[in-house]
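The values are calculated or read from the model by the stated rules, or taken from the named source; none is laboratory data. Not measured: the values here are computed from a predicted model. Neighbour counts are summed over all protein chains in view; Cβ atoms, including those assigned to glycine, are modelled from backbone coordinates with ideal geometry.
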Amino acid sequence: MPSVTAAAARKDGLRLSAPSEYARILRKAHEATISGRPDPHIPQSLLESWQRSLALGINPERHSPVRRHEVEDARKLGAGHPLAPVMPALTQLLADETPDGRHLLIVTDHLGEVLWRVGSSHALRQADSLEFVEGADWSESGIGTNAISEALITGAPAQLLSAEHLVRSHHEWACTASPIRDPHSNRILGILDVSGPIDSVTPDSLRMVRCAVRLAEELLRSARPHAPHTVPASADPTGAVKGTTATLKLNLLGDTPTAEVDGGGRLPLTLRRAEILALLASRSSGWSAEELAFHLHGEDGAAASVRTEMHRIRAVLGKVLEANPYRFAAGLTVITDVSTVTEHLRKARIAEALQAYSAPLLVRSGNLAIEILREELNAAVSASVRASGDPDLILQWGSSDVGADDFEALAAARAAAGDDPRLGMLQARMARREREFRA
């Protein structure tokens, strides 16, 4: 009997009429493609998603999703999410919590983080084995190709069966997903997904998900007819943010960098991604991938590694970046705690600058480019404080952790403070620091 290709099986209707047989055929195509012998009948869009996922470091043999939050924290986020009011209706329409229930109702936020999952105890245990839980990131960069990631990327309904998923441990599953949009702004609020064993999918699965999305969007329209929900701005295919109200706030001072998109909760950043964002914020003209690779990794830096990190940043923050060169998207207002300090300095608001300058820039970073930015900021604050001639400000600066090594400030404090009793404590601290440096 001649072999049947994945494309032929899809065309012949096996995908939904005989999903187990279709899965067997597709696994062979998956095996060939992952082994470096791409099956020419794998749909191009699916192949491109696999390639992107692999470039992001997803391991098809065994990969656990990125965890954005602990389960309880994700549930708290869900309670305050714009989609929370429609969850009872979605649960009633699509969930099956009976003892024999086989599929799960999943709802994520606009970045692919699972906020709700509803199903039988058996279905939930199966999902636990895949870490398909609240707080897990099911975007492309979080877990590789799946229906949720496809719906996020295309902005349209998606259905993936078996080995259409990149990660092998998902090959026993069928998933149908669709975006839920704010009916006023058209922005994606989250993704509705129904997942279960391969043989649980039916020709009606996609239709039911689409109907549930229409219901959710109509309920949102009726509930708040004049107040669009707040989520990060949507983007066009080039990555440019639509509209002019989107805001990205970066917290880069100290050792726990975070980002906030359109007033949302603080999202943790890895040190590498924080370094990239700090460099982007330092130069409005943008950076080429090669320039960033050199500044981040030295002469051995590869542009491909930078592009991979850019994909991951977009997965966490939305499409806030433009490429060629890399820079923040047009129409996006970017505020950093660094720019807050420098703006106070420019306007001679020294007391406010000191209050905002709580810690050095990315203190855990040993990257030379970041160290230069860190020293520039510290020097600017120091010079402004000393130039103010204000004894209180100078003493405040010299007594702080960031100003502790500023011996010039001590000299300025002596000249400005006279017999101020606070000067003795500062002098003792400076003497101790001198002894430590000499040791």
Quick one: in region 6-56, which of the residues that are under 28 Å from residue 204 (Cβ atoms) and outside any helix (DSSP H, G or I) is modelled with the highest pLDDT? 43
Could you tell me whether region 93-108 includes any residue that is more than 26 Å from the chain's Cα centre (by Cα), part of a helix (DSSP H, G or I) and assigned by TED's automatic domain parsing to the domain that holds residue 158? yes
Count, please, the residues in region 142-194 that happen to be in a helix (DSSP H, G or I), crowded, with 24+ Cβ neighbours inside 10 Å, touching a residue at least 60 places away in the same chain (Cβ under 8 Å) and not hydroxyl-bearing (Ser, Thr, Tyr). 4
Residue 64 vs. criteria surrounded by fewer than 20 Cβ atoms within 10 Å (Cβ to Cβ) and either in contact with a strand residue (DSSP E or B) (Cβ under 9 Å, 6 or more places away or on another chain) or under 17 Å from residue 178 (Cα atoms) (or both): yes
Of (1) out of contact with any Asp or Glu (no Cβ under 7 Å at 6 or more places or on another chain); (2) under 15 Å from residue 174 (Cα atoms), residue 92 satisfies every one except (2)
Condition met for residue 27 (basic (Lys, Arg) and closer than 27 Å to residue 189 by Cβ): no
Could you identify the single residue in 346, 374 that is surrounded by fewer than 18 Cβ atoms within 10 Å (Cβ to Cβ) and either on the phi < 0 side of the Ramachandran plot or in the same structural domain as residue 272 (by TED's automatic domain parsing) (or both)? 346
Considering only region 273-330, state which residues are of a type in the set (Lys, Arg), under 18 Å from residue 259 (Cα atoms) and at pLDDT below 90. 312, 314, 319
For residue 422, are the conditions met, namely being under 30 Å from residue 301 (Cα atoms), charged (D, E, K, R) and either buried (at least 16 other Cβ atoms within 10 Å of the Cβ) or modelled with pLDDT under 65 (or both)? no
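State whether one or more residues within region 272-294 are assigned to a loop (DSSP other than H, G, I, E, B) and not small (Gly, Ala, Ser).
Let us first name the residues in region 272-294 that are assigned to a loop (DSSP other than H, G, I, E, B), namely 283-286, 288.
Keeping just the survivors that are not small (Gly, Ala, Ser) gives 283.
Scanning region 272-294, I find at least one residue that is assigned to a loop (DSSP other than H, G, I, E, B) and not small (Gly, Ala, Ser), so the answer is yes.
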Scan region 277-318 for residues that are buried (at least 20 other Cβ atoms within 10 Å of the Cβ) and among the β-branched types (Val, Ile, Thr) and jot them down. 306, 313, 316
Boolean, residue 348 is modelled with pLDDT under 90 and not in a helix (DSSP H, G or I): yes
Report, by residue number, each residue of region 121-141 that is part of a helix (DSSP H, G or I), over 18 Å from residue 188 (Cα atoms) and of a type in the set (D, E, K, R). 125, 128
I'm trying to understand the selection: among the residues of region 202-230, which are touching a strand residue (DSSP E or B) at 6+ places or on another chain (Cβ under 7 Å) and modelled with pLDDT under 80? 229
